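Remarks on the structure that follows.
The values are calculated or read from the model by the stated rules, or taken from the named source; none is laboratory data. From a predicted model like this one, the values you see are computed outputs, not experimental measurements. Cβ atoms come from the backbone with ideal geometry, glycine included; neighbour counts cover every protein chain shown. Accessible surface is based on the protein model in full, side chains and every heavy atom, while ligands, DNA and RNA are left aside. Shrake-Rupley method; radii C 1.70, N 1.55, O 1.52, S 1.80 Å.
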Amino acid sequence: MEEKAHKQKKHTQKHSGPKAQKKKLKTQAGAADDDERKRNPKAFAVQSAVRMAKTFHRAQDIKTKKHHIPVVDRTPLEPPPVVIVVMGPPKVGKSTLIRCLIKNFTRQKLGDICGPVTIVSGKKRRLTFMECNNDINTMIDLAKVADLVLMLIDASFGFEMETFEFLNICQVHGFPRIMGVLTHLDSFKNNKTLRKTKKNLKHRFWTEVYQGAKLFYLSGMVYGEYQTQEVKNLGRFISVMKFRPLVWQTSHPYVLVDRMEDLTDPEKIRTEQKCDRTVSLYGYLRGTHLKNKCQVHIPGVGDFEVSDVNFLPDPCALPDAQKKRALNEKERLLYAPMAGVGGVVYDKDAVYIDLPANHVHQQQEEVRPTTELVQSLIDTHATLDAKMAASKVSLFSGSGTIDPNDVGGQSGDQRELEEESVWDPDTNRERRKVLFPGDEDDASASSSEEEEEESDDDEDTVGDLSAFLKETRAETEEKKADGAPLKKRQRLEEAGVTAEVPAFADSEDELEMSEEEEEEEARGAGDSGNCSEEETDDEDSEEESAEEEAGEVRNKPEETEEMSEEEMEEEEGVLRWKEGLQQKAAEAFLRHQEAAPNLRKLVYGAVLEADNSEDDEEELGGLFRVSRPQKSRKAQANAVDCSRFQPDTSHNWDLEEMLDSIRDCFVTGKWEEGQDAATLLKEDEELYGDFEDLETGEVHKSQSGQEGVAEKTDSDEDEEQEVKVEEEEVQKNKRLEKKRRLKERFDAEYDDGDATYFDDLKEEMQKQAELNRAEFEDVDDETRVQYEGFRPGMYVRVEISSVPCEFVTNFDPQYPIILGGLGSSEGNIGYLQMRLKKHRWYERILKTRDPLILSLGWRRFQTIPLYHIEDHNGRHRLLKYTPQHMHCGASIWGPITPQGTGFLALQSVAGVKANFRIAATGVVLDLDKSVTIVKKLKLIGYPYKIFKNTSFVKGMFNTVLEVAKFEGASVRTVSGVRGQIKKALSTPPGAFRATFEDRLLMSDIVFLRSWYPVSVPQLYNPITSLLLPVGQKDSWAGMRTLGQLKHDLGIHNKPNPDSLYKPVVRAPRHFNPLHIPKELQKALPFKSKPKQQQAKGKIPRDLQRPRVIREPHERKVAALLHALTTVHHHKRKKAHSVLHARHKEFLKQKEKDEEAKMKRQKETRKRLYRVMGQTEQKKQRSSLKGEQKDS
């Protein structure tokens, strides 16, 4: 029984009902913070105001640290390719990584990496890869144009000096995005060592870049390439990365040249090989707008003026804006002219065709689209007449071809060209072979549709052509589905799936997704990533979906009409009366619908438009079709939904503009003053007055009539009071509503909620960016270029004349060519004031007047700086050497560069040195010669005549004129006596009279401290490394320092004799006796008065004491006494030592006794305290027992 009583019924949860629904919603939504706060408010109460304030301040600090100063977004609609610089020490895997990334994006292999390689990585992004070699000149140039730097690090070796040099270069010239890539990780055999190395390298990399900088790991190589998944992850990061605009790049136009052509007259080159050349440089324009005839600088060559600029068709254009997630094979473009990849390139006056030599004399299995024309010309075997006789022409997409023998042929027998992917083992790449109609029964009409849409910009024409394109696509699908069952064909038509699928779409779904596409994927999760061009053709997909929803009744006649001739022949056995039975039934149904009233039209006043069936149209000679507007999609509405009513499709009543156009046609619309609905009703009431409802018998009176009756009767007075109260309430409510609206408007103006100054600034920048884009949005490129110049993103051809011939003859594609645009004043040379600091890793200090190589702006040049420091009084004092760990000023003669531009300094760019090569970094402060640098100059003189406080000094100046210039100047002696120059003396020349605070000595030295202005040496020697022969471009040597010259020439410094250490021989000085005047002696106290003491003379012989000579007995007595004294002293000393030892023993014994005594006392205290504690416990127990008994 007890078991049954304890056993309780198990709780069963409800699966339906309001409680279960509420619980389900709560579970789905999750525990929200608001619910938690309502359920347990004390848990969320503020425990400590100080801690809460600290938390809030920390959160705000973290939020504010993420803010950047908003800048106006000047990115064009079609931005130029992102420049990705792959940098690292030699043999670290730079070329291999570029090849793997190119293969990941374009499915093509590139053998030799030469110059910039541009690829299409997505629908809105292109990438330009550039390999950076170990030359310091290349590192400096590429750091100025890079948007992203892939910094390769050999993990098995560690960081090398080139990595830190490049990081410092980037810090000076505007820090681009930097991603580290660790390679050679497969050389680690121990996992623990690998993890430790990764951690150390990561934290060191974070120290140099920023905390949390991305560092990729390439774990190993498979068949000479990095692992596909790792390269794909790296490519995905590159594809979605955002870039912060850099100040120098956004304020200057620049071109990373990917192609160069020599336009010089060949006859001129033949007659004079060393003549200046005229070259044209090609590349994508970046930065800001480029004007024609402007000044540019080519780093490594020099300054030039642009002769002509033109924009060309984009050789690596972005794909068409279509709704798709991945690129197909045709859109995976690769453009690298310096590496021999580029296909057909269109120039201003020529067409360049890249056709490899091994392709000319071999029969190719497939023809690339870029070389199709040339290949067909080379491989031709028939004459032009024979080709014309056998040729067929198709004027419009979807129409039939015209045969010279049979003009009346039907268009349905002809099929379009198709392509097939074929792997070419010779070139190790995938090529696309053209399949003619006889080879394979498969076609695609996407290209023709794109051409039609591009050629016709008129909206109405595109609308009329949409039905025509629809029919063509339906015919193509019918041909693709030949031989398939009818049900399968219906499924193909309903699903809208075409046969062509990109070969690599599955692997690129996530790679090519942008934010917009992710939203689309979230809205329709069932969409496949393998969509072809036909599925995503503009707005046709929406029209197809409307067709599918129209129902089976309309689909059946369409299928019947679209049946091919082969299917009609299969049905010859069927009875004649059964032919077209479905079509007849559909026509009868439509006639019945036309006779019936359209209830949908009568109730809603709107009709759903749908696509009509595609009928076979008449063809004239197989070429043209008869256009029947009444049967087109826009002219005829759906007969099922709108019988007896033909909707006007030219007016789309779903648009807000169409509704606004007729809004004022109704009573509620905005009328003129005096014609408003309320005003007219009031006038009618005054005009007609009272009236009686004949059905109900109720009498309605006007307002004036009611007031008259109310005055007569008392009952009406009460009603009038009630009306007044109601009116007052209404007026009060109106006033309150008006106040509320005013308050809301005030809050909206002054209390922006969570909006901050940063948000307002961002919004202002966004408005400015939209305004900039809208200014020339509708203007064609030719006109737009004349107003604003060539905008970034254009592929431009820049023609430059008077270029040194060595630039062309010694051209090496491994070294980048950068065309940097200069501002209006940046082409001038002048004085620059800078702030400079010697790099802490550079082992030597820098000396004034030693030549230094600077990288400033686009330029690299050699100059002679003067270092100086500003004193507290504003004087700029020349320094002989740069100070340690401290900034100093520097003045140079160089190109005018905007203030705030960073620069770096090197002492040599030749070769590779083991030590750190960056000598100093700094920033430009001023652009004028306002700073006067002075150096200290000490002039030394000697007194030759001394009076009381006046002295005549010579040897300091040479002429009277020099003395006259320094009259009134302050002078000093080495002993510290100060003086002033008074006047020049006639003889000797250069001597002067000076007064001092005290009388000088003839041994004093007088010196004058002056400041002498120093002029800045005018040396500007641009580095022309690109003009050196191939293989010697990293060996540019300019002006040498004095130390290098002496070292190279074997010259040893001759020491200054005054600086040598030698013994100092000083003659003894004789001082005169001190003479105190008698008057002063009287006033002195006695002890300070000079005493008249005579010197002691020699004592005369008679006064001298004679010496005593002892007798032998006396000597014995003295010796005995001395011995006894010695024994006595010894005994006393011995007794004292014994006494000291005894006392020491006594002290030890006394200390032991004291310790024993203390121990006994401690034990006694313990016993006493124990007894006292026990007594206390007994008392407590007895007291507790007494309390229990009382209770």
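Between V730 and D747, the simple spin-label model (points 7 angstrom out along Cα→Cβ) gives 2.9 nm.
Please report how far the C-alpha centroid of region 975-1038 lies from that of region 907-970, rounded to the nearest whole angstrom. Taking the Cα centre of each part, region 975-1038 and region 907-970 sit 3 Å apart. The calculated FRET efficiency for I940 paired with I1076, based on their beta-carbon distance and R0 = 41 Å, is about 0.70.
Against the compact-protein benchmark of 2.2 N^0.38 Å, the Cα-based radius of gyration of region 935-1013 scales to 0.99. Per residue, region 784-847 exposes an accessible area of 40 Å² to a 1.4 Å probe, with every protein chain left in place. Computed over region 789-877, the range of Cα coordinates on each principal axis works out to 54, 32, 25 Å, biggest value leading. With a cut-off of 13 Å, note down the residues of region 828-853 whose backbone N falls inside the zone around a label point 7 Å from the Cα of D1048 toward its beta carbon. What the label zone holds, given the 13 Å backbone N cut-off, is 851. In plain terms, the chain from R784 to V1108 could stretch by 103.3 nm, reckoned as 0.36 nm per residue minus the Cα-Cα distance. Each peptide in 297-309, 259-271 gets a packing score, the mean of other Cβ atoms within 10 Å over its residues, and the list from highest to lowest is 297-309, 259-271. The share of accessible area on region 935-1013 that comes from carbon and sulfur is 54 percent, using a 1.4 angstrom probe. Of K22, K767, the residue with the largest accessible area leads and the full order is K22, K767 (1.4 Å probe). Here E775 sits with roughly 120 square angstrom of accessible surface, probe radius 1.4 Å. Normalised by the number of residues in region 935-1013, the average gap of Cα pairs under 8 Å and 6 or more apart makes the relative contact order 42 percent. Modelled spin labels at Q1018 and V912, positioned 7 Å past Cα toward Cβ, are 4.1 nm from each other. Legend: residue pairs K192/K913; K42/K739; K936/K965; K837/K913, Cα-Cα distance threshold 28 Å; pairs beyond threshold, K192/K913; K42/K739. With the cut-off at under 17 Å, measuring from each backbone N in region 784-809 to a point 7 Å along the Cα-to-Cβ line of K293 picks out 785-790, 799-801.
Label point of D186 set 7 angstrom out along Cα-Cβ; within region 199-230, amide nitrogens under 14 Å from it belong to 218-230. Using the 1.4 Å probe convention, the accessible area of region 935-1013 works out to 63 Å² per residue with neighbouring protein chains retained. Heavy-atom surface analysis with a 1.4 Å probe gives region 821-904 a carbon and sulfur content of 47 percent of its accessible area. Report in % the part of the accessible area of region 158-232 that belongs to carbon and sulfur, leaving out ligands and nucleic acids; probe 1.4 Å. Reported share for carbon and sulfur atoms: 51 percent. Exceedance of the 28 Å cut-off in Cα-Cα distance is limited, within the set K66/K94; K1078/K1098; K198/K232; K103/K214, to K66/K94; K1078/K1098.
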